[in-house]
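For reference, the structure is listed below as structure tokens.
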Amino acid sequence: MTQRLVVIGNGMAGARTVEEILARNGDFTVTMFGDEPYGNYNRIMLSNLLAGVETEEGIFLNDLAWYSENGITLNAGVKVERIDAKKKLVHDSNGVATPYDKLIIATGSYSWTPPMKNVHNPKRGYHQGVFAFRTLDDTRGMIRYARDHERAVVIGGGLLGLEAARGLQNHVSQVTLLHAMGHLMERQLDPKAGQMLQASVEGKLGIKVITNAMTTEILGKDRVTGVKLADGTVIECDVVVIAAGIRPNTEMVANSGLPVERGIVVDDQMRVQGEQDIYSVGECAQHRGNLYGLVAPLWDQAKVLADHITGRNPDAAYHGSKLSTKLKVAGIDVASMGLIAPETDDDEVVVYNEPKKGVYKQLIIRDDVLVGAVLVGDNSKAASLIQAFDRGTALPEERAGLIFDIGGPAGEVSPAEMADDAQVCNCNGVSKGAICGAVSSGCKTVSGVMDKTRAGKGCGTCKPLVQRIVEWANGGAVEEDPAASWYVPGVPMPKPELMAAIRQYELKSVSAVFDKLVPGGQHDAKSKMGLASLLKMMWADQYEDERDARFINDRVHGNIQKDGTFSVVPQMKGGVTTPAELKRIAEVAEKYRVPMVKLTGGQRIDLLGVPKEQLPAMWADLDMPSGYAYAKSFRTVKTCVGSDFCRFGVGDSTALGIAIEERYQGLEGPGKMKLAVTGCPRNCAEAYVKDLGVVAIDGGKWEIYVGGAAGAHIRKGDLLTTVDSAEEVIKLTGRFLQYYRENANWLERTYAFVPRIGIDRIREIVVEDSDGIAEALDAAVEEAVQAYKDPWKERAEPVTPGQFRTSLPLTVLPQVPVRA
Amino acid sequence: MTITTASSTPTVLGPVADIPLGEGRTYAVDGDMIAVFRLRDGSLRAVSAVCPHKGGPLADGQIDNSIVVCPLHLFAWDLATGCSQSGQAPIDVYPVREDDGQILLGE
Ligand SMILES: Cc1cc2nc3c(=O)[nH]c(=O)nc-3n(C[C@H](O)[C@H](O)[C@H](O)COP(=O)(O)OP(=O)(O)OC[C@H]3O[C@@H](n4cnc5c(N)ncnc54)[C@H](O)[C@@H]3O)c2cc1C
Ligand code: SF4
Ligand code: SF4
Ligand code: FES
């Protein structure tokens, strides 16, 4: 008989348990309650969301469609307020009572706030500018607020605090981490390792760390202005993030009369003590006295519960989890398992310490068995140590081999040695067996297996291991996911090799590349545009332009719109125009009955809805150069008023913007390049969120930011350098753009490129010329500048027959509304 | 796949040289709009000019020797069979050939 299953908590454990039950074809009608108004998302990935390396869509595990497809009733945004175990009902915040036959409680934890004066605001909950770091809403609020502020304090030096501090660096310029204990991550690391980590965090990341820092008070009346420590120190700041620990969400359960100690007390079947039909999993559950705050144990619990409740294996039992963590804390490798200090005199301690490199390793061995290990700065041995720790196998005599690769290849565990049920992906609970299963059912590429099993789709640290297992399961045949590393899908080479081959054979046209470099000479429509851009960059005026290699936008020098018409955006350097130009634009717009005249986000005038065949005549009437609003190229330089007129301006941003645009107009690249120059840090031209943004600061200096974005991605640019003159800005702009042009992947915007290479490395190359290529970059960009021709000049002599002939079908297209 | 014949006798659309290598142009034939492409290997293909997805102008799309990619949302269709490579409706395919430098549409 179909039973009614109710699940309280739609977080990682609740949803995972339901997935496991569905996978076992459990005969239930499922109703879920979650007080967050969303489907189910990967809470772990909030760190990545904060750091700007993941989008909101990217962190959802199950969207709303999943629930309906599986016949699950989801009450999102509804809180359960009481459980009536006698009548088998749950009462929710809407006043509805829902009956159940079986109940699962997976309410997780909340973020704990240590006692501090002034942390709460009677009206708002937290004081304005103070955030917890637990939910999607917390993260959104934090990003929104931090964006407009400069200095952040994070309270809590555990894993979460470190992640928060690292993520906040993406939004503010100054981050201080306060930790009440003597060293960072004191639960996972011994003091020496904690200090090593601190040195790395401070030195490599520029996060200031203060230990033994008890925060006693939040300062500020309407919003945060600082925090005060027990010793009286005041740290000024405008954002505070509290990551001081978590407490299980058990109040409602305790109030309903169920057994709660530190967490909800469960037995080995995850059944709440003394209850026949109520279960609990996840962070809220207390099993054999232990609470777990990581996801790996939750997956084990979910499996046991599902086996038991569906009758698949009524005796399935959870015996607790041995905790090990292997992660990148703020970019630094850290692994920890078991004990962090010896407990008996007989415990053997093996330590290796190399402070200069930030490498530290400690093993604790009891009776030849690994009972604890801490690694900082080098995780190459983590997987084999975790395995030894989990299994409790006897260790080899040669202890050094445990922490170093002595001879032999520098490998980790070999897949052959791993047990079938060894968990490879700890985020998604995928075993070696599951990966091998996917391979044997036909998935031969790493990305295919990842899609199918979700292995490696959490924090991603296990990807190399997943790759090795796929290779091994495939009989050692490396079926690399071909296209993954290629520059374009149709030519089997990554960018550097492709460029080398193009140079070697002097391939100057797109079809020459296909003919020479693709086995069988197969042409590929989807690769043409990327190749055209690359060749143009490499050969400048020697490039053999084949028009069919261009996207339609670049064939007719306008942006194609949803109804097949185009938009015309004349150049307007730095956003500056004249009455005469405005008149001309207005007259052209009237003459051609342009349906919409609009200012673009880049301070240009856009004439929208122009039929292709009218483009040449309009360009002639306008008699202005192309404004490049359509190409993967240098687009515009947005400017603010600057020192000419603005009361605050300290630099002539308008003149500099015009000069930059004049020089680099039309420069093509792997993605579009939007720039801005602003006359003071008030940033009216939004230079902090541009591919390259320039900010005038006092003393005649200019700051250059790179890698910013305010589109589908939002990212504050990284400070490349500060220079003394406009000439230096222009020069470094060209050098940076050229470095980007040569090294970015096709369609990789600077907001992805800059973090991938790392701002420090880019600074070394572009500013300090550590690689000795600055001169070459300058020369290459100069050559590109010299090859510039205004494409709108093609109006007089079309390059191909019928270049501007309409392709519009006679059928009625989706009409874009015309505004009066 | 649908093969439709525009008319029983072939229609002359104009000189092949009107279509640059690797590009397409649209022709109106008996009230239908037909996109004719000249592949880089020199052969011709003719398909319906209207993208079945959202009406995009297929002749503005990029091609290789087998597919056309619609310029609006980048879905792709096989130029020989009209089949979509991305789960969309197929496009109509018309017989087309070159005769004495002219494009002939129809059997
Ligand atoms: C930023 C961040 C980074 C992390 N990184 C890692 C990591 O790298 N590795 C790792 O292993 N773990 C990590 N964790 C921990 C991991 O996310 C948790 O262990 C896991 O989410 C716990 O799952 P859960 O289902 O028990 O609780 P949750 O995921 O918190 O789900 C509980 C849900 O129940 C809801 N709920 C509570 N009470 C009620 C009620 N009365 N009615 C209805 N709904 C209710 C809550 O709102 C919540 O949505 C991280 C956590 C955070 C916050
Ligand atoms: S950024 Fe500064 S100089 Fe430019 S307009 Fe704004 S306030 Fe004036
Ligand atoms: S926001 Fe959307 S609609 Fe607006 S210009 Fe960008 S892509 Fe087009
Ligand atoms: S209209 Fe052709 S792909 Fe959308």
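The listed residues are A:Ile207, A:Ile235, and the only one of them that is more than 30 Å from A:Leu298 (Cβ to Cβ), in contact with a strand residue (DSSP E or B) (Cβ under 6 Å, 6 or more places away or on another chain) and more than 16 Å from ligand 1 (Cβ to nearest atom) turns out to be A:Ile235.
Please go through segment A:330-350 and pick out each residue that is outside any loop (DSSP other than H, G, I, E, B) and crowded, with 17+ Cβ neighbours inside 10 Å. It would help to see each step written out before you state the result.
So in segment A:330-350, the residues outside any loop (DSSP other than H, G, I, E, B) come out as A:332-338, A:348-350.
Within segment A:330-350, A:Ile332, A:Asp333, A:Val334, A:Ala335, A:Ser336, A:Met337, A:Gly338 meet the criteria.
Are there any strands (runs of 3 or more DSSP E) wholly within segment B:56-107 with 3 or more residues that are within 14 Å of chain A (Cβ to nearest Cβ), and if so which?
Values: elements: B:67-69, B:76-78, B:96-99, B:102-105.
Ranges flagged: B:67-69, B:76-78.
Only one residue in B:Ala35, B:Ala28 is among the aliphatic types (A, V, I, L, M), assigned to a strand (DSSP E or B), within 14 Å of chain A (Cβ to nearest Cβ) and surrounded by fewer than 15 Cβ atoms within 10 Å (Cβ to Cβ), so which one is that? Let's see the steps before the verdict.
On the way: B:Ala35 fails: surrounded by fewer than 15 Cβ atoms within 10 Å (Cβ to Cβ).
Among B:Ala35, B:Ala28, only B:Ala28 is among the aliphatic types (A, V, I, L, M), assigned to a strand (DSSP E or B), within 14 Å of chain A (Cβ to nearest Cβ) and surrounded by fewer than 15 Cβ atoms within 10 Å (Cβ to Cβ).
Evaluating A:Thr678 against the criteria (1) β-branched (Val, Ile, Thr); (2) open to solvent by less than 30 Å² (accessible area, probe 1.4 Å); (3) more than 13 Å from ligand 2 (Cβ to nearest atom) leaves one unmet condition, (3).
Evaluating A:Gly717 against the criteria (1) open to solvent by less than 30 Å² (accessible area, probe 1.4 Å); (2) more than 16 Å from the chain's Cα centre (by Cα) leaves one unmet condition, (2). Among the candidates B:Pro10, B:Pro15, the residue that is open to solvent by 30 Å² or more (accessible area, probe 1.4 Å), over 29 Å from A:Asn559 (Cβ atoms) and away from every other protein chain (no Cβ under 11 Å) is uniquely B:Pro10. Within segment B:47-95, restricting attention to residues that are modelled with pLDDT of 90 or more and of a type in the set (S, T, N, Q), the residue that is farthest from ligand 4 (Cβ to nearest atom) is B:Asn65.
Would you point out the residue of segment A:540-558, among those that are open to solvent by 20 Å² or more (accessible area, probe 1.4 Å) and more than 11 Å from every other protein chain (Cβ to nearest Cβ), that is modelled with the lowest pLDDT? I'd like the intermediate steps shown before the answer.
Looking only at segment A:540-558, we keep the residues that are open to solvent by 20 Å² or more (accessible area, probe 1.4 Å), and these are A:541-547, A:550-551, A:554.
If we keep only those that are more than 11 Å from every other protein chain (Cβ to nearest Cβ) too, we end up with A:541-545.
Values: A:Asp541: 86, A:Gln542: 92, A:Tyr543: 93, A:Glu544: 94, A:Asp545: 94.
Here the residue is A:Asp541.
When only residues in segment B:39-52 that are in a loop (DSSP other than H, G, I, E, B), crowded, with 17+ Cβ neighbours inside 10 Å and not basic (Lys, Arg) count, which is farthest from the other protein chains (Cβ to nearest Cβ)? Among residues in segment B:39-52 that are in a loop (DSSP other than H, G, I, E, B), crowded, with 17+ Cβ neighbours inside 10 Å and not basic (Lys, Arg), the one farthest from the other protein chains (Cβ to nearest Cβ) is B:Pro52.
For segment A:560-576, the set of residues classified as crowded, with 17+ Cβ neighbours inside 10 Å and not in a strand (DSSP E or B) consists of A:Asp563, A:Gly564, A:Thr565, A:Val569, A:Gln571, A:Met572, A:Lys573, A:Gly574, A:Gly575, listed by residue number.
Looking at segment A:48-110, what strands (runs of 3 or more DSSP E) fall wholly within it and have at least 1 residues that are away from ligand 1 (no atom under 15 Å from the Cβ) and open to solvent by 30 Å² or more (accessible area, probe 1.4 Å)?
On the way: elements: A:60-62, A:73-76, A:80-84, A:89-92, A:97-99, A:102-105.
Filter on segment A:48-110 gives A:97-99, A:102-105.
Give the residue, chosen from A:Met529, A:Met537, that is within 14 Å of chain B (Cβ to nearest Cβ) and open to solvent by 10 Å² or more (accessible area, probe 1.4 Å). Don't jump to the end; show me each part of the working.
Working: A:Met537 fails: within 14 Å of chain B (Cβ to nearest Cβ).
Among A:Met529, A:Met537, only A:Met529 is within 14 Å of chain B (Cβ to nearest Cβ) and open to solvent by 10 Å² or more (accessible area, probe 1.4 Å).
Restricting segment A:628-648 to residues that are open to solvent by less than 10 Å² (accessible area, probe 1.4 Å) and away from ligand 2 (no atom under 16 Å from the Cβ) leaves a set whose member that is nearest to A:Asp554 (Cα to Cα) is A:Ala631. For A:Ala180, the requirement of being over 17 Å from A:Lys328 (Cα atoms) and open to solvent by 10 Å² or more (accessible area, probe 1.4 Å) is met. Filtered by the rule that a residue be in contact (Cβ under 8 Å) with a residue 60 or more places away in the chain, open to solvent by 20 Å² or more (accessible area, probe 1.4 Å) and under 32 Å from the mean Cα position of the chain (by Cα), segment A:20-30 gives A:Glu20, A:Ala23.
Listed here are the residues, each with its yes/no results for (1) out of contact with any His (no Cβ under 6 Å at 6 or more places or on another chain); (2) β-branched (Val, Ile, Thr).
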site	(1), (2)
B:Ala46	yes, no
B:Gly55	yes, no
B:Ala59	yes, no
B:Leu72	yes, no
B:Phe75	no, no
B:Cys83	yes, no
B:Val96	yes, yes
B:Leu104	yes, no
B:Glu107	yes, no
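Which residues, counting only those in segment A:625-648, are of a type outside the set (Ser, Thr, Tyr), closer than 28 Å to A:Ala709 by Cβ and assigned to a loop (DSSP other than H, G, I, E, B)? Scanning segment A:625-648 gives A:Pro625, A:Gly627, A:Ala629, A:Ala631, A:Lys632, A:Cys640, A:Val641, A:Cys646, A:Phe648.
Every residue, every condition in (1) crowded, with 21+ Cβ neighbours inside 10 Å; (2) more than 16 Å from ligand 2 (Cβ to nearest atom); (3) in a loop (DSSP other than H, G, I, E, B); (4) more than 35 Å from the chain's Cα centre (by Cα), yes or no:
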| site | (1), (2), (3), (4) |
| --- | --- |
| A:Arg593 | no, yes, yes, yes |
| A:Trp619 | yes, yes, no, yes |
| A:Val650 | no, no, yes, yes |
| A:Thr654 | yes, no, no, no |
| A:Arg663 | no, yes, no, no |
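Candidates B:Leu58, B:Leu74: the one that is more than 16 Å from ligand 2 (Cβ to nearest atom), within 13 Å of A:Ala525 (Cβ to Cβ) and either aromatic (Phe, Trp, Tyr) or buried (at least 24 other Cβ atoms within 10 Å of the Cβ) (or both) is B:Leu58.
The values are calculated or read from the model by the stated rules, or taken from the named source; none is laboratory data. Computed from a prediction, not measured in an experiment: that's the story for all the values here. We place every Cβ from the backbone using ideal geometry, glycine too, and count neighbours over all the protein chains shown. Surface areas here come from the heavy atoms of the whole protein model, side chains and all, with no ligands, DNA or RNA. Shrake-Rupley method; radii C 1.70, N 1.55, O 1.52, S 1.80 Å.
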